[in-house]
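Handing you a structure now.
The values are calculated or read from the model by the stated rules, or taken from the named source; none is laboratory data. Remember, it's a predicted structure, so these values are computed and weren't measured experimentally. Here the Cβ is made from the backbone with ideal geometry for all residues, glycine too, and neighbour counts use every protein chain on show.
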Amino acid sequence: DTGVSQNPRHKITKRGQNVTFRCDPISEHNRLYWYRQTLGQGPEFLTYFQNEAQLEKSRLLSDRFSAERPKGSFSTLEIQRTEQGDSAMYLCASSLGSGVAFFGQGTRLTVV
Amino acid sequence: DAKTTQPNSMESNEEEPVHLPCNHSTISGTDYIHWYRQLPSQGPEYVIHGLTSNVNNRMASLAIAEDRKSSTLILHRATLRDAAVYYCIGARSGMRFGAGTRLTVKP
């Protein structure tokens, strides 16, 4: 499968723990996006990278969230000190420039 | 990115055409208009995109108003598999999704 891959697919964690998600984009894509989606809502933009540079970060994103794309390939999204409100589907997408974006299947986070 | 406005929901009968509208009055001249759809329990998938001219592909057609302040996604013959939430985005950099239109297709 040469699409966007996200791992893990599901994560259950206790409140206060840190979690890290990984996204492997389509190999030639230079842009990578992270979104969060809760039930009944559209995907909420979190941040995006062009190559290894983080070009935009949502103002809604608290300091507990951080994303990296160290070599311009895969990316990680870390949430520190998780809260119940962080429970959501976390989606990753990649594109070549501002072209068509391809999405992964997402990581479903449940904070208990 | 341009702010977009779409109806919350629409219904269609199977095998009939569906016209899904989107207003994007603040779109800039260089923003492409993208449409994505999201099936239940899946990530969004690309449907179609365009800049100024109408566009056709195997999934749908995109009709863009001459002033580019609105567009319409056209599904020529809706099937049950087309039931999804459809999102319209005026995309330049970080693509931002609105609430989209939930399309229900009745047999």
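Please count how many residues of the range A:74-112 are within 13 Å of chain B (Cβ to nearest Cβ), outside any loop (DSSP other than H, G, I, E, B) and among the hydroxyl-bearing types (S, T, Y).
Here the count works out to 4.
Look at the range B:89-107 and say how many of its residues are modelled with pLDDT under 85 and assigned to a strand (DSSP E or B).
Counting residues in the range B:89-107 that are modelled with pLDDT under 85 and assigned to a strand (DSSP E or B) gives 2.
Using the structure shown, decide if B:R81 is outside any loop (DSSP other than H, G, I, E, B) and either under 11 Å from the mean Cα position of the chain (by Cα) or not small (G, A, S) (or both).
Considered against the rule, which asks whether it is outside any loop (DSSP other than H, G, I, E, B) and either under 11 Å from the mean Cα position of the chain (by Cα) or not small (G, A, S) (or both), B:R81 comes out as yes.
Can you tell me which residues in the range B:51-69 are of a type outside the set (A, V, I, L, M, F, W, C) and either touching an Asp or Glu at 6+ places or on another chain (Cβ under 7 Å) or buried (at least 19 other Cβ atoms within 10 Å of the Cβ) (or both)? Spell out how you get there, then give the answer.
Narrowing the range B:51-69 to residues of a type outside the set (A, V, I, L, M, F, W, C): B:52-54, B:56-58, B:61, B:66-69.
Hit for the range B:51-69 is B:R68, nothing else.
Can you list the strands (runs of 3 or more DSSP E) found entirely within the range A:17-60 that contain at least 2 residues being surrounded by fewer than 19 Cβ atoms within 10 Å (Cβ to Cβ) and in contact with a strand residue (DSSP E or B) (Cβ under 7 Å, 6 or more places away or on another chain)?
Numbers: elements: A:19-24, A:31-37, A:44-50, A:53-57.
Counting at least 2 such residues, we get A:19-24, A:44-50, A:53-57.
What residue, among those in the range B:39-50 that are under 24 Å from A:R36 (Cβ atoms) and more than 8 Å from every other protein chain (Cβ to nearest Cβ), is surrounded by the most Cβ atoms within 10 Å (Cβ to Cβ)?
Taking the candidates together, the pick is B:V47.
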